[in-house]
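Peer 1: Here you go, one structure.
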Amino acid sequence: MRTFFYNGKMGKKGGRSEMLAEETIRALEPDMVAWRRHFHRHPELSFQEFRTSERIAGLLESWGLEVRRGVAGTGVIGTLRGARPGKTVALRADIDALPIQDQKTCDYASRTPGVMHACGHDGHTAQLLAVARYYSLRRQETAGTRVFLFQPAEETLPGGAAAMIREGALDGVAAVFGCHLWTPFPYGVVATRPGPIMASPDEFEIEIAGRGGHAGMPHLSSDVLLAGAHLVTAIQSIVSRNVDPLEAAVVTVGRFAAGTANNVIAETCRIGGTVRTFTEEARGIIRRRLEETAAHVCALHGARQEFRYVEGYPPVVNDPKETARFFRAASALDGGWKVTECDRIMAGEDFSYYLQERPGCYFFVGAGRPDGSSAPHHHPLFDIEEKAMFAAARLLIAVADDAAEEN
Ligand code: NI
């Protein structure tokens, strides 16, 4: 990780309006924590965020925003038009929880058995609510329009982002920003990078079928286990021989199942694995080569095969100009945060769909304990440093204002 800026003190614009903005957002911190703890106590699974979205919509309406409910099922879109001219900027939070039993004992632990906010989306929701409240209090000073995207179902394919876009989430939007509270980074670290930042997590399955038979008479059978073994080996050359060596890509075979007895030639062999890439080009090459390799290796062994490929989200690719804007806006704040350029992360995120449609930037806000003892994401003891929500809200406002005020 390379340090990009270490932040100074006062915002570069200084002025009284800036100070009022700072006070306004700071005053919302207790609300942010209370909202987050409410959502944490009452988590809801992907596309079932009924009470969550009702609470979001109710709050947005009470602050005078235009509100659309039921977008992509359980999503909510709030719109606020500032009094001054400017561009339309969208800010996104995901709102869903995971099918995990919360093992924390704190008073805000999940009260729904088997469901838990184990990825921080409760914090994303609370901080975006605070940002919406902030703009509702500063409508007169606000240039342009802010669109608040409370998106359902980030955790489950096909995800809520694509459906939100189909239903008009990005209509009229010039730029889009989002962030993840991230416990692998300690609180105080803020990180992103231009270009690819998160991978597309795809999966494949190959089912090989042949003619089983007696292990002592292999010439009367087609040995699918042997075909499968050759295939697993052949697959290893796809990344090393077909993908540009300067690209990052992974093909892992995680599952291999064939055979029932030592003296029987198996009739079926099932192989399953995952593909992680950062560009559509590498993704396409690997998918095609997997399919070709499976077909040809199996033909060589006289076996039939069926190939299935399930595309996960596309890679998250940050726009270079909007990422530069983010670094500029973040470094002008006086939060004392360390703003850095991070490495790529091999996890997936459906924010990618927004970035395929509009320029924008996805960034990480450190929400881990300083000693690195925080539980990882999707863990039953997952929790965040709550002050990271303030940082995230402040950063979203700074980058949105910068983008909206650009001529
Ligand atoms: Ni997440």
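Peer 1: Using the Karplus curve 6.51 cos²θ - 1.76 cosθ + 1.60 with θ = phi - 60°, what ³J(HN,Hα) values do you get for each residue of region 45-55, in whole Hz, with x for Gly and Pro?
Peer 2: Each residue of region 45-55 in turn: 6, 3, 6, 10, 7, 6, 6, 4, 6, 5, 5 Hz.
Peer 1: Here's something else I'd like to know. In whole Hz and in residue order, list the ³J(HN,Hα) couplings for region 164-180 that follow from phi through the Karplus curve 6.51 cos²θ - 1.76 cosθ + 1.60, θ = phi - 60°; x for Gly and Pro.
Peer 2: 4, 5, 4, 8, x, 4, 9, 4, x, 7, 8, 8, 9, 9, x, 8, 10
Peer 1: Just in region 300-362: which GluC sites (Glu not before Pro) are loop by DSSP and have at most 15 other Cβ atoms within 10 Å?
Peer 2: GLU311
Peer 1: In degrees from 0 to 90, rounded to the nearest 10, what is the angle of the helix 16-27 Cα long axis to the longest principal axis of the chain?
Peer 2: So the helix axis and the longest Cα principal axis differ by about 60 degrees.
Peer 1: Angle check, please: helix 224-242 long axis (alpha carbons) against the longest principal axis of the chain (alpha carbons), in degrees 0 to 90, nearest 10.
Peer 2: 50 degrees
Peer 1: Would you mind pulling out the separation of the Cα centroids of region 93-142 and region 230-253, in Å?
Peer 2: Using only Cα atoms, the two centres lie 39 Å from each other.
Peer 1: Also, quick follow-up: For GLN305, list long-range residues whose amide hydrogen, built 1.01 Å from N in the peptide plane, is under 5 Å from its own amide hydrogen.
Peer 2: ALA209
Peer 1: Skipping prolines and chain starts, which residues have an amide H placed within reach, meaning under 5 Å, of the one on LEU181, given they are 5 or more residues away or on another chain?
Peer 2: For LEU181, the qualifying residues are VAL365.
Peer 1: Next question. Find out how many positive minus negative residues lie around ALA282, taking Lys and Arg as positive, Asp and Glu as negative, among other residues whose Cβ is under 10 Å from that of ALA282.
Peer 2: Cβ neighbours under 10 Å give a net charge of -1.
Peer 1: Let me ask you something else. For a quick check: with amide H placed at 1.01 Å from N, whose amide H comes under 5 Å from LYS338's, ignoring anything fewer than 5 positions away on the same chain?
Peer 2: VAL189, VAL190
Peer 1: Tell me the net charge near VAL176. Cut-off is 10 Å between Cβ atoms, VAL176 excluded, with +1 for each Lys or Arg and -1 for each Asp or Glu.
Peer 2: Neighbourhood net charge equals -1.
Peer 1: Continuing with the same structure: Ignoring ligands, DNA and RNA, what percent of the accessible area of the chain is carbon or sulfur (1.4 Å)?
Peer 2: 52 percent
Peer 1: On average, how much accessible surface per residue is there in region 149-243, in Å², for a 1.4 Å probe, leaving out ligands, DNA and RNA?
Peer 2: 38 Å²
Peer 1: Can you give me the accessible area per residue for region 300-361, using a 1.4 Å probe, in Å²?
Peer 2: 41 Å²
Peer 1: Which angle between 0 and 90 degrees, to the nearest 10, do you get for helix 320-331 versus the longest principal axis of the chain when only C-alpha atoms count?
Peer 2: Helix 320-331 and the main axis of the chain meet at about 50 degrees.
Peer 1: Rounded to whole Hz and in sequence order, give me ³J(HN,Hα) for region 74-91 from the Karplus expression 6.51 cos²θ - 1.76 cosθ + 1.60, θ = phi - 60°, writing x for Gly and Pro.
Peer 2: Karplus values, whole Hz, x for Gly and Pro: 10, x, 10, 10, x, 10, 10, 9, x, 6, 9, x, x, 7, 9, 10, 9, 10.
The values are calculated or read from the model by the stated rules, or taken from the named source; none is laboratory data. Here the structure is a predicted model, which means the values were calculated and not measured. Here the Cβ is made from the backbone with ideal geometry for all residues, glycine too, and neighbour counts use every protein chain on show. Protein only, heavy atoms only, side chains kept; ligands, DNA and RNA dropped before computing areas. Shrake-Rupley method; radii C 1.70, N 1.55, O 1.52, S 1.80 Å.
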